[in-house]
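Please read the structure below before turning to the comments.
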Amino acid sequence: MDIIERIKDVASLVKKYNDADLYREIIDLEAEALALAKVNLDLQRENMELKDKLRVIKGLKFKRPLYYAEDDEVPYCPVCWEKDQKQIHLQCIEHTVRYRCLVCDSYFNLEKERPFPRSHNGGINFSRR
Ligand SMILES: [Zn+2]
């Protein structure tokens, strides 16, 4: 039996004794317990969301210079992730070699021998060392 049900039971008992002040106290107590139950529910929901986020964060692995999630071959933008904790999949320009972030406009070249030209609009050029 939860606390709200118990308070209602006590309220029923108190009502039999016809003590208005005590009954009012029990009703106030019930309202406070309901408010606390709502706060508890909100906290549980928030905790679940944070646990989900943490699970995703733990799932991202840094393989220089990009981040990868388990069972996902499309890398995530390290600029967006490290700056704003946003998980943004990179757009592949050349299969597994060159990527672009459509959000921050960074460019990534994973081929050391073939440097990718710097973006004309200020994007960042990364290359593996
Ligand atoms: Zn980005």
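The values are calculated or read from the model by the stated rules, or taken from the named source; none is laboratory data. All values derive from a computational prediction rather than experimental measurement. As a convention, Cβ positions derive from the backbone with ideal geometry for all residues, glycine included, and neighbour counts pool all protein chains shown.
Miscellaneous remarks
- Residue list for region 95-108, filter: surrounded by 13 or more Cβ atoms within 10 Å (Cβ to Cβ) and more than 8 Å from the ligand (Cβ to nearest atom): 97, 98, 99, 100, 107, 108
- Inter-residue pairs, beta-carbon under 7 Å, first among the aromatic types (Phe, Trp, Tyr) and in region 65-94, second loosely packed, with under 13 Cβ neighbours inside 10 Å, 6+ apart: 67/61; 68/61
- Residue within region 104-120 that is at pLDDT 90 or above, of a type in the set (S, T, N, Q) and in a loop (DSSP other than H, G, I, E, B) present: yes
- Evaluation of residue 43 against (1) within 30 Å of residue 90 (Cα to Cα); (2) under 17 Å from the mean Cα position of the chain (by Cα) (one fails), failing number: (1)
- Among the residues of region 1-59, those identified as within 30 Å of residue 69 (Cα to Cα) and among the basic types (Lys, Arg) are 45, 51, 53, 55, 58.
- For region 55-67, filtering for residues that are touching a Leu at 6+ places or on another chain (Cβ under 9 Å) and in a helix (DSSP H, G or I) leaves 0.
- Every residue from region 36-56 that is free of Cβ contacts under 8 Å to residues at least 12 places away in the same chain and among the hydrophobic types (A, V, I, L, M, F, W, C): 36, 39, 41, 43, 48, 50, 54
- The numbered conditions (1) over 30 Å from residue 87 (Cβ atoms); (2) in a helix (DSSP H, G or I) are all true for residue 52 except (1).
- Residues that are within 10 Å of the ligand (Cβ to nearest atom) and surrounded by 13 or more Cβ atoms within 10 Å (Cβ to Cβ), drawn from region 75-86: 76, 77, 78, 79, 80, 81, 86
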